[in-house]
Amino acid sequence: MALLQISEPGGKPAKPAHRLAVGIDLGTTNSLVSASCGGKIEILPDDDGSYLLPSVVRYRADGEIIVGNEAKQSAAKDPGNTIASVKRWLGKSQTEIAASDHAARYQFDPDREQQAPALVTAAGSKDPVQVSADILRSLVERAEACLKGKLEGAVITVPAYFNDAQRQQTKDAAQLAGVKVLRLLNEPTAAAVAYGLDSKEQGTVVVFDLGGGTFDVSLLSLRQGVFEVLATGGDTALGGDDFDQALADYLRARIDKQASEEASELVVLHQYANQLKHDLGENDSVDIDFNGYRGSLSRAEFADICEPLVKRTINTCRRVLRDAGKTTEDIDNIVLVGGATRMPVIREAVADYFGKAPLTDIDPDKAVAVGAGIQADVLIGNKSSDDFLLLDVNPLSLGIETMGELVEKIIPRNTTIPVAKAQEFTTFKDGQTAMSLHVVQGERELVSDCRSLARFELRGIPPMVAGAAKIRVTFQVDADGLLSVIAEELSTGSKSEIQIKPSYGLDADTIEQMLQASHEHASEDRDIRALREAQIEAQQIIDAIYAAIDADGELLEESEKASIEAAIAELRGAMQESKPIRIQELSEELNRLSGDFAARRMDLHIRSLQGESIDSVEPIGK
Amino acid sequence: MAISITETAARHVAEQLANRGHGLGIRVGVKTTGCSGMAYVLEFVDKLDIGDKVFEEQGVKIIVDPKSLVYIDGTQMDFVKQGVNEGFEFTNPNAKGECGCGESFSV
């Protein structure tokens, strides 16, 4: 027999070779890269197992470019050649960059124009595009090492508020790094995609992104699987660091003043505050033991300390909603992004303001990269966009009635829609010029046990012997679940069609009952199908024999004719008694008895054809 | 009622499932086809449907819907190489005839 391969569910052929594409979250502070590994999106780690790549680049005099943790750690000792937060400078003029608070330590290249500034480093002039390209290159190298192959493209995320110049420079950076940009994706959209919110028909989503040093709120509207950014707001100087600072200030007021004035001591205190903040994420209360000060801190106390900061984030949400003309009741989902949203105090405040719990299942540091990875996987062709936009299946099989009131299923249940499937049918009787099509829905074998959806007729079939006509029946279900059935006779092109909404009047309970019934009656249905098929086959044999006797009855001897007629009578009896195996046996017997007669007819026709040109021969039955 | 699988076939199923990265097992079923009756369906399974029967054999899960089971009860699934082709093959005690190419069968 033919050898089978395992297909994907729903009858889709197994995936072709996997193409490598990544999602890149090119962040102000940290960057991440993700890719689909065995159908799941994973964040790719570096050799040390760390996911976050600090978006910091150090240019050394020997030309070596260091990206990530090592560059971040050397920032203090080589500030002029170490560039951080370069994302803030994309698409900006020299004046704008010079005005930002951490620009003082850099020198601008005097040969560059105002609009295309570059910084002087030990390795020459570097503009924001080049620095971004170096970060991207590092991520690409990581991905290619992880995935063991050449990347074919990437989806790179950008803030929703990025203007054209900033987006163009992001693309330029990718090109410089040798990465094909499949698409620039808005960060809040990526986060919503990570949660699969794009698979819904429509909705309104708030993405609340509180990172280390920046805060963004975006309001997205989803229609037909496409996100539109309705409003954005934020604070470029508000992040998790500010919460650390607030806690550090609180601690400083309680411990020995003298000891805490020194700069190095302040750094340690800041780190200690950061640790306490993390511990409070898992515990209701933590013990404090710092420089001889002992005490404890509860979540409620911490909430009081950060209240002014939390209030600022909620005020921003309020402003964004107002800008978009929405109220909290219009919001279907809230997505939390950014490490600082792990703080329970933030989660509670957000849930409190919107009146519903935010989505938090995905690590908030990774959500944007995950969404970018999902989109990259679709765009490179590893998933069909149908899967992506609409994951809908038809709940019950759709088919047509065939001879013997049997159902021929054309689109099996659980097939992903939209879908189109065609099957060829033929005529049952000689000279049949019309065909009645009965469209049914359900899992049972008999038409009477299924839902009848519609009936229509195909006319204009040229008269031919039974089984010679070719009628293609196409079932097409569009994305809205609307079924079109088209019947076409292939030699003449005669066509007839109908449109039906199969879900009309169908609820979940009915579907459930119909499935249940098909399971309960499985053996019964098998038997009835076997019987009907045997009966139809027997009837066809009988009809063919009578047609042959009518045409060439003189070839038949009386005794032969008598035994054939006796066999037909016996077969008819068995057909009435509903015994499929007996019917099959008798059908074979009848075939055998009439075998000689058929052979003689064949000889006669061949003899009468001898000497004639092939062109003058009329096909039998025409 | 049961479906069985040879060690070779089980190994190939397990490998393909591992390559795919997810999935509970494989679905063996039948669908009715145009002229010659039934054809086998072989698919990965991501979620079980109501009424599905699960057979665990040689460490892999074979999932069959109750409607198909009546046609393929007792079937053995094997993995064979034929020349340059390789794939899964079914030995079905219920099948009374197979069509020329072997893609469909009747009961």
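Inside region B:36-74, can you point out the residues that are surrounded by fewer than 21 Cβ atoms within 10 Å (Cβ to Cβ), touching a residue at least 60 places away in the same chain (Cβ under 8 Å) and not aliphatic (A, V, I, L, M)?
Within region B:36-74, B:SER36, B:ASP73, B:GLY74 qualify.
Results for (1) of a type in the set (A, V, I, L, M); (2) more than 14 Å from A:TYR59 (Cα to Cα); (3) not assigned by TED's automatic domain parsing to the domain that holds A:LYS72, shown as yes or no for each residue.
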{"position": "A:ALA99", "(1), (2), (3)": "yes, yes, no"}
{"position": "A:ARG105", "(1), (2), (3)": "no, yes, no"}
{"position": "A:PHE108", "(1), (2), (3)": "no, yes, no"}
{"position": "A:GLN114", "(1), (2), (3)": "no, yes, no"}
{"position": "A:VAL120", "(1), (2), (3)": "yes, no, no"}
{"position": "A:ASP127", "(1), (2), (3)": "no, no, no"}
{"position": "A:GLN130", "(1), (2), (3)": "no, no, no"}
{"position": "A:ASP134", "(1), (2), (3)": "no, no, no"}
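Condition first: hydrophobic (A, V, I, L, M, F, W, C) and away from chain B (no Cβ under 13 Å). Now tell me which residues in region A:403-427 satisfy that. Lay out the reasoning, then the answer.
To start, the set of residues in region A:403-427 that are hydrophobic (A, V, I, L, M, F, W, C) comprises A:403, A:406-407, A:410-411, A:417, A:419-420, A:422, A:425.
Once the filter is applied, which keeps residues that are hydrophobic (A, V, I, L, M, F, W, C) and away from chain B (no Cβ under 13 Å), region A:403-427 yields A:ILE417, A:VAL419, A:ALA420.
How about region A:567-586: which of its residues are under 14 Å from A:TYR546 (Cα atoms) and among the small types (Gly, Ala, Ser)?
Within region A:567-586, A:ALA567, A:ALA569 meet the criteria.
Pull up region A:389-414, narrow it to residues that are surrounded by fewer than 18 Cβ atoms within 10 Å (Cβ to Cβ) and at pLDDT below 75, then point me to the one that is farthest from A:ARG451 (Cα to Cα).
This residue is A:LEU389.
Does B:GLU15 satisfy the criteria of being over 14 Å from the mean Cα position of the chain (by Cα), at pLDDT 85 or above, surrounded by fewer than 19 Cβ atoms within 10 Å (Cβ to Cβ) and not in a loop (DSSP other than H, G, I, E, B)?
Details: over 14 Å from the mean Cα position of the chain (by Cα): yes; at pLDDT 85 or above: yes; surrounded by fewer than 19 Cβ atoms within 10 Å (Cβ to Cβ): yes; not in a loop (DSSP other than H, G, I, E, B): yes.
Against the criterion (over 14 Å from the mean Cα position of the chain (by Cα), at pLDDT 85 or above, surrounded by fewer than 19 Cβ atoms within 10 Å (Cβ to Cβ) and not in a loop (DSSP other than H, G, I, E, B)), B:GLU15 qualifies.
Quickly run through region A:249-289 and pick out the residues that are among the charged types (D, E, K, R) and at pLDDT 80 or above.
Across region A:249-289, the qualifying residues are A:ASP249, A:ARG252, A:ARG254, A:LYS277, A:ASP279, A:GLU282, A:ASP284, A:ASP287, A:ASP289.
What are the residue pairs meeting all of these: first residue in region A:35-46, first residue touching a residue at least 24 places away in the same chain (Cβ under 8 Å), second residue among the basic types (Lys, Arg) and not in a strand (DSSP E or B), Cβ atoms under 7 Å, and 6 or more apart or on different chains?
A:ILE43/A:LYS366; A:LEU44/A:ARG142; A:ASP46/A:ARG142
Being modelled with pLDDT under 95 and within 14 Å of chain B (Cβ to nearest Cβ) narrows it down to one of A:LYS72, A:LYS15, A:LYS77, so name that one.
Checking each option against the conditions leaves just A:LYS15.
Could you please find all residues in region A:294-327 being part of a strand (DSSP E or B) and either surrounded by 13 or more Cβ atoms within 10 Å (Cβ to Cβ) or not hydroxyl-bearing (Ser, Thr, Tyr) (or both)?
Hits for region A:294-327 are A:ARG294, A:GLY295, A:LEU297, A:SER298.
Answer yes or no as to whether A:ILE66 is surrounded by 19 or more Cβ atoms within 10 Å (Cβ to Cβ) and over 23 Å from A:ARG167 (Cα atoms).
yes
Give the number of residues within region A:428-472 that are more than 14 Å from chain B (Cβ to nearest Cβ), over 23 Å from A:ARG526 (Cβ atoms) and not aliphatic (A, V, I, L, M).
13
I need the full set of residues from region B:26-35 which are more than 7 Å from chain A (Cβ to nearest Cβ) and buried (at least 19 other Cβ atoms within 10 Å of the Cβ), in order please.
B:ARG27, B:VAL28, B:GLY29, B:VAL30
Working only within region A:131-155, note down all residues that are at pLDDT 95 or above and either of a type in the set (Ser, Thr, Tyr) or closer than 23 Å to A:THR214 by Cα (or both).
Result: A:VAL131, A:SER132, A:ALA133, A:ASP134, A:ILE135, A:LEU136, A:SER138, A:LEU139.
Scanning region A:169-215 for residues that are in a strand (DSSP E or B) and assigned by TED's automatic domain parsing to the domain that holds A:SER55, which turns out farthest from the chain's Cα centre (by Cα)?
Step by step, filter region A:169-215, then rank; the result is A:VAL181.
Scan region A:119-136 residue by residue and report those that are touching a residue at least 60 places away in the same chain (Cβ under 8 Å) and either among the basic types (Lys, Arg) or buried (at least 18 other Cβ atoms within 10 Å of the Cβ) (or both).
Answer for region A:119-136, where residues must be touching a residue at least 60 places away in the same chain (Cβ under 8 Å) and either among the basic types (Lys, Arg) or buried (at least 18 other Cβ atoms within 10 Å of the Cβ) (or both): A:THR121, A:LYS126, A:VAL131, A:SER132, A:ASP134, A:ILE135, A:LEU136.
In region A:204-253, which residues are surrounded by 21 or more Cβ atoms within 10 Å (Cβ to Cβ) and of a type in the set (D, E, K, R)?
A:ASP209, A:ASP216, A:ASP244
Output the residue which, of all residues in region A:92-116 that are aliphatic (A, V, I, L, M) and in a loop (DSSP other than H, G, I, E, B), is nearest to the chain's Cα centre (by Cα).
That would be A:ALA116.
The values are calculated or read from the model by the stated rules, or taken from the named source; none is laboratory data. Computed from a predicted structure; not experimentally measured. Neighbour counts are summed over all protein chains in view; Cβ atoms, including those assigned to glycine, are modelled from backbone coordinates with ideal geometry.
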